[in-house]
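Q: Handing you this structure, nothing more for now.
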Amino acid sequence: MASSSSGSRILCASFNQDNSCFAIGTKDGFRLFDAQSGSLRYERAIGAFSIVEMLFSTSLIAIVGAGEQPSLSPRRLCLFNFITGSALRELNFLTTILAVRINRKRLIVVLQEKTYIYDINSLAILDTIDTVPNNKGLCAFSPNSEACYLALPASTTKGSALVYNTLELQSLCQIDAHRSPLAAVVFSSNGMYLATASEQGTIIRVHLVSQATKSYSLRRGSYPSTIYSLSFGPSVDLPDILVATSLSGSLHAFSLGPIIEQRNRRPNKLLGSMIPEPINDAFESSYHHVVHNVSIAGIKSYVTISSTDKVQSSSPNSTIRSNVYIITGDGHFYNYTLNITSSNELSCNLQSEFNLIDTVVEDLS
């Protein structure tokens, strides 16, 4: 994901598929970190990079230059082995590469009006999808090799998403999620659920991919705001929690279990899009928690939930405990622990933080 916020020191940031590591691109090069310890795993200072994507904890990364040096074209994708320090393969395109996604089966390359699907092992091109103009390279790709789904914007005027099965190489469904264009999309780790947010940013919706017409609405707020990033908690079934970071610098956390149970108890089970929004969203507001000032307002942020556990205590209440990682465009990393009890009480604790640029450079000198 590329960052264009004012004051940004990071050109891009991304977590790997199991959230154990993350990568950043800067004007000087790119860096790979261990998320839990914050230690620097690899650094290469050869110029500006706009895309850096890792493949789990392997030595393979996908990198794209920012175009500030002739050798780092934004139209060239390099598959790079950071252990040997060698380029494995390069793919060249006619226009700027806006996003790259990978898992153990597929390589996805997103351009403004085309998306290419490759076999990750042979790099044979499998399909080309013609898309609506996608200037921001917005996309979501499931890390799950079985539910290997890709989501792309299907409209420039409303919040519709095309869900594509990259294993069977066919369209799965189109989800009409919002009235205004999409701003953020993410799959759950199992590929079963898709979360979407529009440019309006007031409503986040969670969709069951196998039933494209079934959705759940989560109200972030009543005033518009840009949603920078979304993340589900890791789960083999329904994730316990969904988080979002926004322009205001706040972290929003939604307890999905109670929300979906409450919606399913309705006798008619009407779709979120069929109920007037003020009525529909009132049902979920009590399961929405806000942590203010997790980052500087207006600075792009990237969020992921690294782990989620159910903790039993001596009291009648159980607790959902989530470790939340946040990277900010001004070059900081934050590790928070969120605790949401079964009585719907929230506590948030900052476990660690470090500077991704200045402090690491000083430690290496």
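Q: What's the number of the condition LEU251 fails, among (1) surrounded by fewer than 18 Cβ atoms within 10 Å (Cβ to Cβ); (2) at pLDDT 95 or above?
A: Of everything listed in (1) surrounded by fewer than 18 Cβ atoms within 10 Å (Cβ to Cβ); (2) at pLDDT 95 or above, LEU251 misses just condition (1).
Q: Separate question: Looking at the range 27-52 only, could you name the residues that are among the hydroxyl-bearing types (Ser, Thr, Tyr) and either modelled with pLDDT under 95 or within 22 Å of ARG104 (Cβ to Cβ) (or both)? Break it down into steps so the answer makes sense when it comes.
A: Kept after step one, since they are among the hydroxyl-bearing types (Ser, Thr, Tyr), are these residues of the range 27-52: 37, 39, 42, 50.
Result: SER37, SER39, TYR42.
Q: Given the structure, is PRO74 crowded, with 18+ Cβ neighbours inside 10 Å, touching a Pro at 6+ places or on another chain (Cβ under 9 Å) and at pLDDT 95 or above? Before the answer, list the steps.
A: Numbers: crowded, with 18+ Cβ neighbours inside 10 Å: yes; touching a Pro at 6+ places or on another chain (Cβ under 9 Å): no; at pLDDT 95 or above: yes.
So PRO74 does not fit the description; no.
Q: When only residues in the range 85-97 that are of a type in the set (S, T, N, Q) and open to solvent by less than 90 Å² (accessible area, probe 1.4 Å) count, which is farthest from the chain's Cα centre (by Cα)? Before you say what the answer is, go through the steps one by one.
A: Initially, the range 85-97 is screened for residues of a type in the set (S, T, N, Q), giving 86, 92, 95-96.
Applying the additional criterion that residues be open to solvent by less than 90 Å² (accessible area, probe 1.4 Å) yields 86, 95-96.
Working: SER86: 28, THR95: 24, THR96: 21 Å.
Looking at residues that are of a type in the set (S, T, N, Q) and open to solvent by less than 90 Å² (accessible area, probe 1.4 Å), I get SER86.
Q: Another one. How many of the residues making up the range 98-121 are open to solvent by 70 Å² or more (accessible area, probe 1.4 Å) and assigned to a loop (DSSP other than H, G, I, E, B)?
A: Filtering the range 98-121 for residues open to solvent by 70 Å² or more (accessible area, probe 1.4 Å) gives 104-105, 112-114, 121.
After this cut, where a residue has to be assigned to a loop (DSSP other than H, G, I, E, B) as well, the list is 104-105, 112-113, 121.
Residues flagged as open to solvent by 70 Å² or more (accessible area, probe 1.4 Å) and assigned to a loop (DSSP other than H, G, I, E, B) within the range 98-121 amount to 5.
Q: Can I ask one more? ALA177 versus (1) open to solvent by 40 Å² or more (accessible area, probe 1.4 Å); (2) in contact with a Lys or Arg (Cβ under 7 Å, 6 or more places away or on another chain); (3) within 18 Å of ALA197 (Cα to Cα); (4) not aromatic (Phe, Trp, Tyr): which is the lone unmet condition?
A: (1)
Q: It is to be established whether one or more residues within the range 163-184 are without any contact (Cβ under 8 Å) to a residue 60 or more places away in the chain and among the acidic types (Asp, Glu).
A: Yes, the range 163-184 contains at least one residue that is without any contact (Cβ under 8 Å) to a residue 60 or more places away in the chain and among the acidic types (Asp, Glu).
Q: Can you pull out every residue in the range 197-236 that is of a type in the set (Lys, Arg) and open to solvent by less than 20 Å² (accessible area, probe 1.4 Å)?
A: First, the residues of the range 197-236 that are of a type in the set (Lys, Arg): 205, 214, 219-220.
Scanning the range 197-236 gives ARG205, ARG220.
Q: Ok, one more. Here is a list of conditions, (1) in a loop (DSSP other than H, G, I, E, B); (2) at pLDDT below 95; (3) surrounded by fewer than 23 Cβ atoms within 10 Å (Cβ to Cβ), and PRO239 meets all of them except one; can you say which number that is?
A: (3)
Q: Could you check the range 298-311 and list, in sequence order, the residues that are closer than 10 Å to THR245 by Cα and not in a strand (DSSP E or B)?
A: The one that is closer than 10 Å to THR245 by Cα and not in a strand (DSSP E or B): LYS300.
Q: Looking at SER255, SER171, SER210, SER215, can you tell me which residue is more than 30 Å from GLY329 (Cα to Cα) and touching a helix residue (DSSP H, G or I) at 6+ places or on another chain (Cβ under 7 Å)?
A: Numbers: SER255 fails: more than 30 Å from GLY329 (Cα to Cα); SER171 fails: touching a helix residue (DSSP H, G or I) at 6+ places or on another chain (Cβ under 7 Å); SER210 fails: touching a helix residue (DSSP H, G or I) at 6+ places or on another chain (Cβ under 7 Å).
Being more than 30 Å from GLY329 (Cα to Cα) and touching a helix residue (DSSP H, G or I) at 6+ places or on another chain (Cβ under 7 Å) holds for just one of SER255, SER171, SER210, SER215, which is SER215.
Q: Starting from residues that are out of contact with any Lys or Arg (no Cβ under 9 Å at 6 or more places or on another chain) and surrounded by 19 or more Cβ atoms within 10 Å (Cβ to Cβ), keep the ones in the range 50-71 and report whichever is farthest from ASN144 (Cα to Cα).
A: SER50
Q: Kindly indicate which of LEU152, LEU162, LEU194 is in a strand (DSSP E or B), surrounded by fewer than 23 Cβ atoms within 10 Å (Cβ to Cβ), hydrophobic (A, V, I, L, M, F, W, C) and modelled with pLDDT of 95 or more. Step through it out loud before you land on a result.
A: Values: LEU152 fails: surrounded by fewer than 23 Cβ atoms within 10 Å (Cβ to Cβ); LEU194 fails: surrounded by fewer than 23 Cβ atoms within 10 Å (Cβ to Cβ).
Being in a strand (DSSP E or B), surrounded by fewer than 23 Cβ atoms within 10 Å (Cβ to Cβ), hydrophobic (A, V, I, L, M, F, W, C) and modelled with pLDDT of 95 or more holds for just one of LEU152, LEU162, LEU194, which is LEU162.
Q: Can you report the number of residues in the range 169-186 which are outside any strand (DSSP E or B) and either in contact with a Cys (Cβ under 7 Å, 6 or more places away or on another chain) or under 15 Å from TYR149 (Cβ atoms) (or both)? Walk me through it before giving the result.
A: Taking the range 169-186 as the starting set, the residues that turn out to be outside any strand (DSSP E or B) are 169, 179-181.
Those still in the list that are either in contact with a Cys (Cβ under 7 Å, 6 or more places away or on another chain) or under 15 Å from TYR149 (Cβ atoms) (or both) too: 169.
Within the range 169-186, residues that are outside any strand (DSSP E or B) and either in contact with a Cys (Cβ under 7 Å, 6 or more places away or on another chain) or under 15 Å from TYR149 (Cβ atoms) (or both) number 1.
The values are calculated or read from the model by the stated rules, or taken from the named source; none is laboratory data. The structure displayed is predicted, hence computed values, not measured ones. For neighbour counting, all protein chains shown are included, and Cβ atoms are generated from backbone atoms with ideal geometry for every residue, glycine included. The protein model used for the area step is the full one, side chains on, heavy atoms only, and it has no ligands, DNA or RNA in it. Shrake-Rupley method; radii C 1.70, N 1.55, O 1.52, S 1.80 Å.
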